[in-house]
Each structure stands twice: as C-alpha cells, then as structure tokens.
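Have a look at the structure below before the remarks.
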Amino acid sequence: MFLSKKRLGSRNDEVFYFVTNAILAVITLLVLYPLIYIVSASFSSPNAVSSGKVILFPVEFSLEGYEAVFKNNMIVSGYANSLFYTIAGTVINVGLTLIAAYPLSRKDLPGKNILMFIFSFTMIFNGGIIPNYILIRDLGMINTRWALLLPGAISVYNMIVTRTFFQSNIPIELYEATSLDGGSDFKYFTSVVLPLSKAVIAVISLFYALSHWNAFFNAFLYLNNKSLFPLQIVLRDILISTSIDPSLVLDPETMAARQGLADLLKYSLIVVASAPMICLYPFVQKFFIKGVMIGSIKG
Amino acid sequence: MNRRQLYIMLLLPIIYIVVFSYVPMLGLQIAFKKFDGNAGIWGSQWIGLQNFIKFFNSYQFERVLKNTLVVSVYHLIAGFPIPIIFALLINAVRSKRYKKAVQMITYVPHFISVVVLVGITLQMFDSRIGLVATIYTLLTKQPMPEILGNPSAFPHLYVWSGIWQNTGWNSIIYIAALAGVDSELHEAATVDGASRLKRVFYIDLPSIIPTATILLIMNAGKMMSVGFEKVYLLQNPLNLRTSEIISTYVYKVGLTGFSDFSYATAIGLFNSVINFLLIIIVNQISKKISDSSLW
C-alpha cells in the first residue's frame with residue numbers, strides 16, 4: 001500500500017518536473033531569441049536586414065554594420081565620453097558612499113538616527129525635474145562634465161547596502177582592540193575596515209559603473225554640447241529618433257542602400273553599446289547577486 | 001572622544017545630500033509662485049494655488065493622470081507575480097546545470113540600458129523590417145498592422161518589455177529566500193506522501209510571502225512614479241494619447257516650448273505628494289495586516 005502510493009506520487013512528480021522544465025525552457029527561449037536575433041542581424045548584409053530575411057542565423061554574413069559604427073565619429077566620441085563618465089563617476093560615487101556609510105554604521109555615533117533619516121528621506125521624496133534643473137543651472141554645471149558626475153553621486157540604496165555590510169561583517173571586537181592601542185577612527189577605517197570590505201566595494205562599484213554606463217537622463221537634460229555626449233545620447237539619436245535627411249537622398253537606389261545600411265547599423269550599434277556590460281557580466285555576476293542579497297536585509 | 005573624526009568623514013556626504021537633494025526641495029516653493037528668472041526662486045511673487053488649479057482644470061489633467069495610472073497598475077499587476085512564479089519554477093528544477101543556465105540567460109537583459117531596450121523594442125515591432133512583422137507575415141501571409149504608432153498598444157509594449165528585461169533579475173531575491181527553506185520540511189512532507197506540486201503550495205510559497213510583502217509595499221509605493229526615460233523614449237506623435245504621463249508632461253511644460261517652470265513644478269509636486277502618501281499608507285496597512293513593513 002505504502003509502496004504503491006509512493007510510486008504514484010513519484011509518477012505525478014515526474015509530470016510536474018517535466019512541465020516545470022518545459023515552461024522554463026519556453027521562458028528562457030523568449031528571453032534569448034531577441035538577443036540572438038540582434039547579434040545575427042548585426043552580422044548580416046544591409047539588404048538581408050532591410051528585406052526581413054534574418055530569422056535566426058546571420059544571412060549573407062558581412063561586417064558592414066560594424067564598419068559603419070566605427071566610422072561614425074559621434075559613436076566613437078560617445079564611447080570615449082561614456083568610459084570617462086563611468087570611471088570618474090564611479091570613483092566619486094564609491095568614495096562618497098564609503099565615507100557616508102562607515103560613520104553611520106557605528107552604533108556609538110551620537111545623532112546616528114537623525115543623520116540616517118536625512119539620507120533615507122531622500123529616497124521617498126525629492127524636488128523633481130524642474131527644481132533640480134534650476135539648481136544645476138545656478139551651479140553653472142549645464143554643459144559641463146560635472147552635470148553627469150555630481151547629481152546622484154550618492155545612491156542612498158547603495159549607501160545602506162554598504163552600511164549593512166559594515167555592521168554585519170566587521171566585528172566590533174576589532175575596533176575595541178585597535179582603540180586600546182590608541183588608534184584613531186580614520187586610521188581604523190583605512191587600515192582595518194577598508195581591507196576587510198573588498199567584497200562590498202566590488203559590489204557597489206559595479207552597481208555604480210552599470211548605472212553610469214547606461215545613464216541617459218542627466219545628459220539628456222543638462223547637455224547640448226555634442227562633444228560631451230555620452231554613448232546613450234548618441235544611441236538615442238540613431239536608434240530612436242532617426243529621420244532620413246531628404247537632402248542626402250539622390251536616387252531611389254542610393255536611398256535603398258542607405259536605408260539598408262541605416263537599419264543594419266542599429267543592430268551593430270546595439271551590440272557594440274551593450275557588449276562591455278554583458279561581457280563583464282559572467283565574471284561579476286556573483287557580486288551583483290551578493291549586492292541584491294545584502295540590500296534585502298532590512299537595515 | 002574620537003567621534004569627531006566620524007563627523008568629519010560625514011561632512012562631505014552631508015553637504016552633498018543637502019545641496020543636491022534638500023536644496024531642490026526648497027526649490028519646490030516655485031510651485032506656489034510665479035517664477036521670474038531675474039528674481040530667482042526666493043524673489044519671485046507668491047500666487048498661492050493658482051498653478052495647481054490651472055492643472056486640475058486643464059484638459060491634460062485627466063489624460064496624464066489616467067495614463068500614469070494605467071501604466072503603473074498594469075505594470076504592478078503583471079510585473080509583481082511573474083518573478084515569484086519564475087522563482088518557484090526555478091526552485092523546483094532538479095538539474096543544477098539547467099538551473100544555472102536558465103538563471104544566467106534570464107539575467108542578461110537587466111544589463112541593457114533603457115535606450116537600448118527601447119531601441120530593441122522599436123526594431124522588433126517595426127512594421128517594415130521588424131522580427132515580429134517577419135514572423136507575422138510568415139504565418140498569415142499578410143502584412144502586420146502598425147503597432148508602434150497604435151495608442152492602445154503602448155501600455156502593453158511598456159509593461160511587457162519591462163517584464164522581458166527584469167523577470168530573471170527580480171526573481172533573485174525570491175530564489176534566495178527559497179534556498180533558505182529547511183530541507184527537513186520537504187523530507188517530512190515527502191514521507192507523508194505530499195507531491196512536489198503540493199510542496200510548492202504548502203512549503204515553498206509560504207516561505208517567500210514575507211519577502212513578497214515587502215516588495216509589494218515598495219512597488220505599490222512607487223506606483224505613481226513611473227520612470228520618465230522609458231515612456232519618453234517609447235513616445236511618438238501617434239501614441240501620445242496613451243503615452244503622455246505626468247513626468248513626461250512635466251518635462252514638456254517645464255523645459256520645452258514656453259518653459260513654464262512654476263507650472264511644471266506644481267504638476268511634479270502634485271505627483272510627488274501622491275507618491276509620498278502612497279508609500280506611507282501602504283506601509284501602515286502592511287504593518288497592520290502582517291509583521292512586514294519598511295519602517
């Protein structure tokens with residue numbers, strides 16, 4: 001009796017496992033297919049792309065799309081600018097976040113709760129687009145690189161992640177031991193806390209770097225000098241608001257060729273723009289996930 | 001005695017947060033003023049609630065409010081349960097390698113920028129060269145009807161492109177909660193003859209409800225703060241009827257055309273106050289009905 005029941009149960013379970021795996025396979029393919037399609041299209045010929053021949057694999061393999069991408073000055077300078085904003089911005093972010101998070105992680109800091117409130121409150125209420133714009137304008141940062149580096153330089157969320165990490169990973173006994181030797185808070189922070197916090201520094205650096213690389217809004221609001229444009233603004237101009245300049249069109253054949261190349265360029269550009277983060281991703285995946293986990297602990 | 005050094009460390013971050021977060025909050029006063037560029041924020045003349053009354057009486061009021069609500073409620077209803085279901089499915093996979101592969105692949109879109117995501121969406125649904133059009137024509141032998149310029153398609157494009165991008169990523173937290181379930185519970189239930197499906201409902205699901213509650217509060221609190229970027233980028237002159245939301249309207253009133261700072265700030269403030277109240281109310285409710293709350 002017991003045996004037959006168990007066997008019945010496990011047969012039902014086999015059905016369950018099969019269905020589960022099948023649903024997940026469908027979901028995974030739905031996520032994967034557009035990505036594969038974009039990569040395949042980017043390696044196809046302009047003609048194959050504009051006549052909708054690409055379904056799964058590259059059709060009439062060509063690198064014309066990539067050649068066009070790297071010949072475009074705006075894309076190249078946007079790439080360089082984004083690299084700069086990502087590196088400089090992340091350094092500023094991480095520095096400010098660490099020096100904010102550490103004192104706030106100390107239970108013996110008088111006024112800690114009020115200070116913490118000052119930071120947390122900005123997560124649920126803010127001045128909004130226009131007052132921010134007026135501020136940046138009054139500070140004279142419109143059309144300067146600072147406009148992309150300073151606003152949003154501390155993400156309170158990342159600060160809380162870091163603070164939680166300090167609280168749960170740096171044993172207080174260490175501090176007591178160093179204090180007895182007459183160590184100062186500065187010295188303790190730089191020589192004990194920071195070396196023990198490589199994991200969280202990696203996590204928040206990646207969070208910040210990703211958000212700088214993908215950022216669009218601040219550049220959209222504060223910059224109109226083309227030489228300062230980050231990649232995302234250039235991307236928007238090409239991917240989303242393209243209109244063909246009629247004066248460039250000579251005859252229908254040239255126009256078709258131009259249109260084909262313009263279509264193809266978009267796919268190659270999507271690949272080129274997303275490649276750095278997606279290539280980095282398998283190596284840093286565990287840090288990102290760790291960040292989500294630390295952040296989920298109520299702090 | 002040495003606490004002074006901790007305050008010194010905090011000095012720069014505090015100055016920073018005051019300048020970049022609290023000064024703009026003071027700037028909100030122009031919502032109640034007639035902003036005059038020469039007089040500045042403090043010198044402009046008070047006009048009371050005129051800007052708000054103007055907004056409530058304008059024909060745009062109902063439209064942008066409704067569009068914001070449609071997009072956010074739809075996003076919440078569809079976007080909240082899917083990562084939970086996805087996590088439950090992942091958790092029930094026996095093959096470790098299969099599990100890893102599914103997770104690896106479904107996290108990838110999270111790393112794509114909004115601009116690229118919208119670019120991909122536009123490419124896919126382009127009625128001339130898009131993949132969707134190609135497949136549609138292959139199956140029906142007919143050209144696909146226009147989607148991108150169709151106002152009724154906009155909420156679907158917005159919500160489902162987000163689900164495509166974030167389902168995998170948003171499930172991480174649930175997968176972790178599921179991994180923490182005591183395996184003895186499962187063993188005991190199996191001995192009692194519970195099928196795997198039953199165990200999903202009676203063991204797995206209850207174990208992630210606290211996490212889900214917290215996330216539901218956070219999402220409900222953020223409901224009216226639909227991000228500007230994706231909506232703005234998906235907008236085109238043909239779909240404005242459904243795609244003009246409060247934040248895109250604030251931008252257009254304040255920073256394009258006649259650039260009415262005061263009026264735009266009033267509209268933005270109206271939105272922020274609703275957001276603020278929402279998150280407080282939802283948190284209160286959750287405190288009452290469960291133990292989970294943000295503060």
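Quick notes on this structure:
- Residue match in the stretch A:178-198 (condition: of a type in the set (S, T, N, Q), at pLDDT below 80, part of a helix (DSSP H, G or I) and out of contact with any strand residue (DSSP E or B) (no Cβ under 8 Å at 6 or more places or on another chain)): yes
- Sole exception among (1) within 10 Å of chain A (Cβ to nearest Cβ); (2) touching a His at 6+ places or on another chain (Cβ under 9 Å) for residue B:17, by number: (2)
- Annotation note: of A:205, A:227, A:211, the sole residue that is part of a helix (DSSP H, G or I), surrounded by fewer than 21 Cβ atoms within 10 Å (Cβ to Cβ), of a type in the set (Ser, Thr, Tyr) and touching a Gly at 6+ places or on another chain (Cβ under 9 Å) is A:211.
So that you can scan it fast, the table gives a plain yes or no per residue for (1) more than 10 Å from chain A (Cβ to nearest Cβ); (2) at pLDDT below 85; (3) more than 30 Å from residue B:68 (Cα to Cα); (4) over 21 Å from the mean Cα position of the chain (by Cα):
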position: B:159; (1), (2), (3), (4): yes, no, no, no
position: B:162; (1), (2), (3), (4): yes, no, no, no
position: B:165; (1), (2), (3), (4): no, no, no, no
position: B:168; (1), (2), (3), (4): no, no, no, no
position: B:179; (1), (2), (3), (4): yes, no, yes, yes
position: B:185; (1), (2), (3), (4): yes, no, yes, yes
position: B:193; (1), (2), (3), (4): no, yes, yes, yes
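- Conditions (1) of a type in the set (Phe, Trp, Tyr); (2) away from chain A (no Cβ under 11 Å); (3) more than 23 Å from residue B:240 (Cα to Cα); number of the one not met by residue B:174: (2)
Table: residues versus (1) more than 7 Å from every other protein chain (Cβ to nearest Cβ); (2) in contact with a Gly (Cβ under 6 Å, 6 or more places away or on another chain).
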{"position": "B:77", "(1), (2)": "yes, no"}
{"position": "B:84", "(1), (2)": "yes, no"}
{"position": "B:91", "(1), (2)": "yes, no"}
{"position": "B:99", "(1), (2)": "yes, no"}
{"position": "B:106", "(1), (2)": "no, yes"}
{"position": "B:109", "(1), (2)": "no, no"}
{"position": "B:115", "(1), (2)": "no, no"}
{"position": "B:125", "(1), (2)": "yes, no"}
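- Breaking point among (1) among the basic types (Lys, Arg); (2) out of contact with any strand residue (DSSP E or B) (no Cβ under 8 Å at 6 or more places or on another chain); (3) within 13 Å of another protein chain (Cβ to nearest Cβ); (4) under 22 Å from residue A:129 (Cβ atoms), for residue B:66: (3)
Residues are listed down the side, and each one gets a yes or a no for (1) at positive phi; (2) within 8 Å of chain A (Cβ to nearest Cβ); (3) surrounded by fewer than 18 Cβ atoms within 10 Å (Cβ to Cβ); (4) without any contact (Cβ under 8 Å) to a residue 60 or more places away in the chain:
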| site | (1), (2), (3), (4) |
| --- | --- |
| B:243 | no, no, no, no |
| B:254 | no, yes, no, yes |
| B:258 | no, no, yes, yes |
| B:270 | no, no, no, no |
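- All helices (runs of 4 or more DSSP H) inside the stretch B:215-295 with 2 or more residues being under 25 Å from residue B:169 (Cα atoms) and not aliphatic (A, V, I, L, M): B:228-234, B:261-289
- Set B:73, B:23: member being within 11 Å of another protein chain (Cβ to nearest Cβ) and among the β-branched types (Val, Ile, Thr): B:23
- Taken over the stretch A:205-227, residues that are of a type outside the set (Phe, Trp, Tyr), within 30 Å of residue A:174 (Cα to Cα) and within 14 Å of chain B (Cβ to nearest Cβ) amount to 1.
Conditions (1) in contact with a Pro (Cβ under 8 Å, 6 or more places away or on another chain); (2) part of a helix (DSSP H, G or I); (3) surrounded by fewer than 18 Cβ atoms within 10 Å (Cβ to Cβ), marked per residue:
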site	(1), (2), (3)
B:94	no, no, yes
B:127	yes, no, yes
B:134	no, yes, no
B:139	no, yes, yes
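- Among (1) facing chain A (nearest Cβ under 9 Å); (2) within 30 Å of residue A:51 (Cβ to Cβ), the one test that residue B:136 misses: (1)
- Residue in the stretch B:201-212 that is within 19 Å of residue A:126 (Cα to Cα), of a type outside the set (A, V, I, L, M) and more than 10 Å from chain A (Cβ to nearest Cβ) present: no
- Residue under evaluation residue A:177, criteria (1) touching a residue at least 12 places away in the same chain (Cβ under 8 Å); (2) more than 11 Å from chain B (Cβ to nearest Cβ); (3) of a type in the set (A, V, I, L, M), criterion not met: (1)
- Test: residue in the stretch A:143-161 that is among the charged types (D, E, K, R) and assigned to a helix (DSSP H, G or I): no
- In the stretch A:127-150, residue surrounded by the most Cβ atoms within 10 Å (Cβ to Cβ) [restricted to those that are within 7 Å of chain B (Cβ to nearest Cβ) and farther than 18 Å from residue A:216 by Cβ]: A:130
- Filtered residue count, the stretch B:53-87, keeping only those that are closer than 30 Å to residue B:99 by Cα and touching a Pro at 6+ places or on another chain (Cβ under 6 Å): 1
- Looking across the stretch B:17-65, just one residue is surrounded by fewer than 18 Cβ atoms within 10 Å (Cβ to Cβ), assigned to a strand (DSSP E or B) and of a type in the set (Lys, Arg), and that is B:34.
- The combined condition, being among the polar types (S, T, N, Q) and without any contact (Cβ under 8 Å) to a residue 60 or more places away in the chain, is not fulfilled by residue A:158.
The values are calculated or read from the model by the stated rules, or taken from the named source; none is laboratory data. None of the values given here were measured: they were computed from a predicted structure. All Cβ positions, glycine included, derive from the backbone under ideal geometry; neighbour counts span all protein chains shown.
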